[in-house]
1. I need a count of the residues in segment B:59-73 that are over 12 Å from B:Thr83 (Cα atoms) and β-branched (Val, Ile, Thr).
2. Restricting to segment B:264-310, give me the number of residues that are within 19 Å of B:Arg346 (Cα to Cα) and at pLDDT below 85.
3. Do you know which of the residues in segment B:325-365 that are at pLDDT 80 or above and of a type in the set (Val, Ile, Thr) is farthest from A:Ala138 (Cα to Cα)?
4. When the residues of segment B:528-558 are filtered to those that are more than 26 Å from B:Arg608 (Cα to Cα) and of a type in the set (A, V, I, L, M, F, W, C), which remaining residue is surrounded by the most Cβ atoms within 10 Å (Cβ to Cβ)?
5. Can you run down the residue pairs with Cβ atoms below 9 Å, 6 or more apart or on separate chains, where the first is in segment B:14-36 and within 15 Å of B:Ala49 (Cβ to Cβ) and the partner is surrounded by 22 or more Cβ atoms within 10 Å (Cβ to Cβ) and of a type in the set (D, E, K, R)?
6. Output yes when any residue across segment B:397-415 is without any contact (Cβ under 8 Å) to a residue 60 or more places away in the chain, out of contact with any Pro (no Cβ under 7 Å at 6 or more places or on another chain) and at the interface with another protein chain (Cβ under 9 Å from one of its Cβ atoms), and no when none is.
7. Give me the residue from segment B:482-514 that is out of contact with any Asp or Glu (no Cβ under 9 Å at 6 or more places or on another chain) and small (Gly, Ala, Ser) and, out of that set, farthest from B:Thr456 (Cα to Cα).
Amino acid sequence: MSATDDSLSMLMSSTPRPPSIWRTLVSIGFVAISVPLLWLATGCVNEDDLTTDQRAYQLSQQLMCPVCDGQTLDQSQAQLSLDMQAVIERKIEEGESNAEIRDYFVARYGEVVLASPDAGGFNIIAWVMPVIIFVGGALLVVNAFLNMRRNRRDDARGNEVEESTDSALEPMRPGEVMDEYLERADREIAAAVGNVSPRAETDADNGDRN
Amino acid sequence: MDQIGTTAIWLGVAVSAYAAITSLVGAKGAVPELVVSGRRSIYMAFLVALVASAALLIAFLTNDFSIKYVANNSNIVMGRGYTLVAFYAANEGSLLYITLALALMSAISVRAAPRRFAGAMPYTVAILAVVLAFLFGTMATYANPFETLEIVPPDGRGVNPLLLHPGFYSHPPLVMAGLVGITIPFAFASGALISGEYGDDWVDIARVFAIIMWGILGVGILLGAWWAYTILGWGGYWSWDPIENVALMPWLVLTAFIHSIMVQRRRGMFRMWNIVLIDIAFILAQLGMSINRGGSVVSVHSFAESTLGLLFLSFMAISLLFAFAIFIWRYPRLKSERAIESFMSRESSFLVNNFLLLVVMSITLWGVIYPVFSNLARDVDVSVSAPYFNRVNGPVLLLMVIVMGIGPLLPWRRTSTRSLNRWLIAPMVAASLTVIVLVAFGVWEFWAVLGFAAVTFAGVAVFEEWWMGARARVSNLGEAPWTAWWRLANGNRPRHGGYIVHIAVLSLAIGVIGTQFFDQRYDAAIAPGESLVLDDYRLEYVNKRIHDRPDRLARWAQIDVYKIDPAQYSGEFLAAKNAGKQGFTVATGRRPGDNLVGQLEPSHEFFRNFNMVSVRSGIKTSPIEDLYVIPRDFLEDERVSLAVSINPLAMWLWIAGPIFLLGTLVALWPHPTLERAARRRRLGVTVPTDASIVALES
């Protein structure tokens, strides 16, 4: 909680503090520690902790109704679906585990009865692919970002005027002129008074439009 | 009527083909007359689509069963009010409907295109015309709604009973129009690209139409969810069904597009990327229309199955090649002028937003095609449904909510960690408090707690923006707080409209978390006079009402809902708990503390012609939770089998709808000063140029 307490005091006082990467790191650290702690605290729910009804309901959400297009058991009013739910309830009362009950239905209707493929065998692809998509996409974004940065540094070395005339290159819409000025004036005054928004700061620095 | 209709459709083929050819020839040969003629042909295409639609409508109204489509989708007893529904209830009619929708929107967009876009216009018109020609051509050859029957039946078959509901007026036409309408921003982007005048001129009009289609699609999807939940009695609102997914995917990509197009508008960046996004959205919309027409995936929406899917799939492949080809061809001109300056900037937060949206889209696409893939690869059928999508998309959606909180706090170009940190204090404190409060009150679901914290974080960030902005105006301009806020939002409508949409998304997130993690359900069969108890509700089955008609057997369960004092039922609660039951049934009447809070009348209808059951749920709603009742079956022994659930926070799903619409409209609302300036510029009046601003500034 130290980060938030610290932050709170910052909110109260208006004296500017030196910029610090530490504050960011502390915030990140706070999140990085508290989230796994929360996970540990809340724990994983065990199937033994659930009532028969809760387990039956969960299973009925995990199994497809074989005769209805694309509906899980809990959504379907078809007779077969009602019968299957009765079977689920009976099997839970007989002490079978969720996995055993799922296997029972797979043996009868094939894998298609599972609403999501089991993470094993060939179906591991179904589960690995999302991770590949996420990591691959993240690498692409980071790469694009680094490339842009490198190009920018090269450009800046070759052409120093670019920076100073940047706002002239910015296509300003004529109608926006007055509004923009009003807004900017507001923000600059606000900045002087102390209600500094991050936009106001950079805007004052390099004349960007909001 | 059938002759008028068929003629109109063939005319449509001719007119759109003519529009495409004249536009291209006119542009290449620099013949302005041809270009103008091509453009006007789009209006003609709309006109013939209108004539064909009117012909079909009249055929329905006059019960013209010599037309096959009318005979299949209407009958004499059907209320005339449902004629419009029958119009797009099956393949041929819905094809005519999307043709009409696209022709109308094409005509509007062509009319609204700014003059400075004229150089690229012929190509845009040609693309629109080709798509229209494809739709007209498909109708003319494979799916003519005016196909006649040799033996005229005395009565029609009637429309699919699941569709016989006012909800069908809104959800399907909106989704269909939104999907086909993505053609418009695509046509403008591609037109600009082909013409080589790839400045930023296309950005404004493409943005406006992209937001319109995004709004239509978004409202359509939400209405579908609402319809499924409140009326169809599916129990849920979103089941990650393939048809739902193919509408969601283009919507996600459009969401990415309308964010990143702002970067191009303001900073001239992401040019290449924006083209890629609109191309993907267009291709996905084609995929959606193809899957809608039946084919390779199983769906609850398979109302209209046919081989047309394959035809649409081929058109999608051609579109993909076309988009790819012009992209490669014009690649050298697509380089951005500027690069991202800092990771701590609005630009890069849009980049992250785009990344997350596309990840959700790609994962969803993977889930949709995996069954097909599995079937092809090893000849085993698998299902990929809600449990899969919730698990793989859930964490990414959570991340997206967090980024939604940080993104708006970052200014364009760059910022310092210090000022960002200062802005993050309030949201962080609020999020931490949420976690503490939830855990203190015994909410221990990890993902739910994290989700609520993220929602608080993002919500507080938006309100902080409004609060600080309005406060600056109050203290500096002496405005009243509400005036200050109003003017602040008015000053930059795209941004503040966006914030309003963010609030809608957060409201949606609250509903999703509540219903996904905390729902309770209990099914039981009870006789009249008996009650079912779940949580602190007692549902007394009073009686049933029967309506036996030739086409259907409709039965209603009349249910009194009581709030109970659990202490009065402690014995039963204990017994139920020991038996592993969520709820229990009681035979006796009222006990002290019982309080009648409402009456519900859910229904169960059996349609004889279709051998199909359709239920209507009974819902007692409140901001805290919904009590949701479905009569699953009326049994022989007078009992009714009820499925009762408590869906916490469900109302927030529907509150999101109007807020979403409001935000979309705010973002779209034209800017009066901008309009005036544009008019002045057209009249040749000088306005301050960029250079004079620089002069003023220094």
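The values are calculated or read from the model by the stated rules, or taken from the named source; none is laboratory data. All values derive from a computational prediction rather than experimental measurement. Note that each Cβ is placed from the backbone with ideal geometry, even for glycine, and that neighbours are counted across all protein chains shown.
1. Result for segment B:59-73: 1.
2. The total comes to 9.
3. B:Ile326
4. B:Leu539
5. Cβ pairs passing all conditions: B:Ala19/B:Arg39.
6. Checked against the condition, which is being without any contact (Cβ under 8 Å) to a residue 60 or more places away in the chain, out of contact with any Pro (no Cβ under 7 Å at 6 or more places or on another chain) and at the interface with another protein chain (Cβ under 9 Å from one of its Cβ atoms), segment B:397-415 yields no hits at all.
7. Checking each candidate, the answer is B:Ala484.
Rundown of residues vs (1) at the interface with chain A (Cβ under 8 Å from one of its Cβ atoms); (2) in a helix (DSSP H, G or I); (3) among the hydroxyl-bearing types (Ser, Thr, Tyr), yes/no style:
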position	(1), (2), (3)
B:Met344	no, no, no
B:Val352	yes, yes, no
B:Leu357	no, yes, no
B:Met361	no, yes, no
B:Ile369	no, yes, no
B:Leu376	no, yes, no
B:Val380	yes, no, no
B:Pro387	yes, yes, no
